[in-house]
1. Given the options ASN114, ASN149, ASN120, name the one that is within 16 Å of the ligand (Cβ to nearest atom), free of Cβ contacts under 8 Å to residues at least 12 places away in the same chain and out of contact with any strand residue (DSSP E or B) (no Cβ under 8 Å at 6 or more places or on another chain).
2. Checking the conditions here, which among GLY202, GLY236 is assigned to a helix (DSSP H, G or I) and among the small types (Gly, Ala, Ser)?
3. If THR179 meets every condition in (1) more than 16 Å from the ligand (Cβ to nearest atom); (2) in a helix (DSSP H, G or I) apart from one, which number is that one?
4. Determine, yes or no, whether ASP206 is acidic (Asp, Glu) and without any contact (Cβ under 8 Å) to a residue 60 or more places away in the chain.
5. Looking only at residues that are more than 13 Å from the ligand (Cβ to nearest atom) and in a loop (DSSP other than H, G, I, E, B) in the stretch 79-104, which one is surrounded by the fewest Cβ atoms within 10 Å (Cβ to Cβ)?
6. Residues of the stretch 46-78 being within 14 Å of the ligand (Cβ to nearest atom), in a helix (DSSP H, G or I) and crowded, with 18+ Cβ neighbours inside 10 Å, which ones?
7. Considering (1) aliphatic (A, V, I, L, M); (2) within 26 Å of VAL11 (Cβ to Cβ); (3) more than 11 Å from the ligand (Cβ to nearest atom), say which one ALA211 fails and leave the rest.
8. How many of the residues in the stretch 14-43 are open to solvent by 20 Å² or more (accessible area, probe 1.4 Å), of a type outside the set (A, V, I, L, M) and within 10 Å of the ligand (Cβ to nearest atom)?
Amino acid sequence: MSLLNDKVAVVTGAGRGIGRAVAIAYAKMGANVVCVSRTEENASRVATEIEALGQKAWAFAVDVSDTSAVEASAKSILEATGKLDILVNNAGITRDNLLMRMSEEEWDTVLNTNLKGAFNFTKAFTRTFMKQRSGRIINIASVIGLVGNAGQSNYAASKAALLGFTKSVAKELAPRGITANAIAPGFIETDMTAVLDEKVRGSIIDRVPMARFGSPEDIANAAIFLAMESTNYMTGQILTVDGGMVM
Ligand code: NAP
C-alpha cells in the first residue's frame with residue numbers, strides 16, 4: 001500500500017516509542033520522513049531504518065521546547081525536503097509527582113516540551129502549509145488530558161491544553177485546506193510506561209476493556225488515517241486509541 005506516496009512528514013520524538021512507530025509506518029506507506037529527536041543517535045538510528053525501507057529520511061537533533069532552535073531546524077528541514085505535507089507533534093515527557101511536592105522545574109519542563117514544543121513546530125511550518133494550501137497536523141495528546149490522573153497534574157494540563165491548541169489551529173487553518181487533529185493514546189508499551197511497576201500495570205489493565213496495553217503500532221495506524229489525503233473533511237477531532245478505557 002502506498003497511501004502516503006511521495007509525502008514528506010516531520011515526526012518529533014521519532015527516536016523511540018510511538019514516534020519511531022509512526023515514522024516507520026509512514027515510510028512503509030511511501031512517505032519520506034524527517035526524524036526529530038532530542039538525541040542525534042536515536043534520530044539517526046530511525047532514519048537509517050527508514051532508508052533501509054527504500055525511502056528518504058533525515059535526522060535532526062532538536063529540543064522541541066527551544067523556540068529558536070526549532071525555527072532554525074525548520075528552515076534546514078525545508079531546505080532539505082523542499083516541502084512538508086504532514087507534521088506529527090509527538091515529542092513528550094512525564095515528570096510525575098503529587099501536586100504538593102511538584103517543583104516548578106517539573107511543571108515547566110513538561111509544559112515546555114509537551115505543549116510549547118507543539119506550538120513551536122506548528123508555528124514554524126504554518127506559513128509553508130498555508131502557501132501550499134494543504135497540510136496535516138497531528139498532535140499526540142493522551143487520555144490523561146481527557147480524564148486527569150493523580151500524580152500527573154503537569155502532564156494532564158499539558159495534554160488537555162494540546163487539545164485546545166489543536167481545535168484552535170484547526171479553526172484557523174481550515175479555510176486553507178489544512179487539517180489539525182489529535183490522537184489520545186491510552187497506555188502504550190514504550191519506555192515511558194516501562195517504569196511502571198507490576199501493581200500499577202495491573203490496576204491500569206483492570207480499567208482497560210481490552211485488558212492489555214496498546215502497541216506503538218496501534219497509534220501509528222491512527223496517525224496514518226489522519227495523514228491520508230482522503231481524510232480531508234475531518235479536523236479539530238480527538239481520536240482516542242486506548243482499548244476502550246475512556247468512552
Ligand atoms: P518515549 O518512548 O519516552 O519517547 C519519547 C520521544 O520523545 C523520544 O524520542 C525523545 O527523544 C523525544 N523527546 C522527549 N523530549 C524531547 C524534546 N524536548 N525535544 C525533542 N524530542 C524529545 O515516549 P512515548 O511513550 O513514545 O510517547 C510519545 C508521545 O506519546 C508523548 O507525547 C507521550 O506523552 C504520548 N503518550 C504516550 C503514552 C504511553 O503510554 N506511552 C500514552 C499517551 C500519550 P530521545 O529519544 O532523543 O530521548
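1. Result: ASN149 is the single residue among ASN114, ASN149, ASN120 that is within 16 Å of the ligand (Cβ to nearest atom), free of Cβ contacts under 8 Å to residues at least 12 places away in the same chain and out of contact with any strand residue (DSSP E or B) (no Cβ under 8 Å at 6 or more places or on another chain).
2. Unique residue meeting the criteria: GLY202.
3. Just one mismatch for THR179, condition (2).
4. yes
5. Residues of the stretch 79-104 more than 13 Å from the ligand (Cβ to nearest atom): 79-87, 97-104.
Okay, now just the ones that are also in a loop (DSSP other than H, G, I, E, B), so 82-85, 98, 102-103.
Working: GLY82: 8, LYS83: 15, LEU84: 22, ASP85: 21, LEU98: 10, MET102: 17, SER103: 11.
Across the stretch 79-104, the extreme among qualifying residues is GLY82.
6. Residues satisfying the conditions are VAL46, ALA47, VAL70, SER73, ALA74, ILE77.
7. So the condition that ALA211 fails would be (2).
8. So the answer is 8.
The values are calculated or read from the model by the stated rules, or taken from the named source; none is laboratory data. Remember, predicted model here, so these are calculated numbers, not experimental data. Positions of Cβ are backbone-derived with ideal geometry, glycine not excepted, and every protein chain shown enters the neighbour counts. With ligands, DNA and RNA removed, areas are computed over all heavy atoms of the protein, side chains included. Shrake-Rupley method; radii C 1.70, N 1.55, O 1.52, S 1.80 Å.
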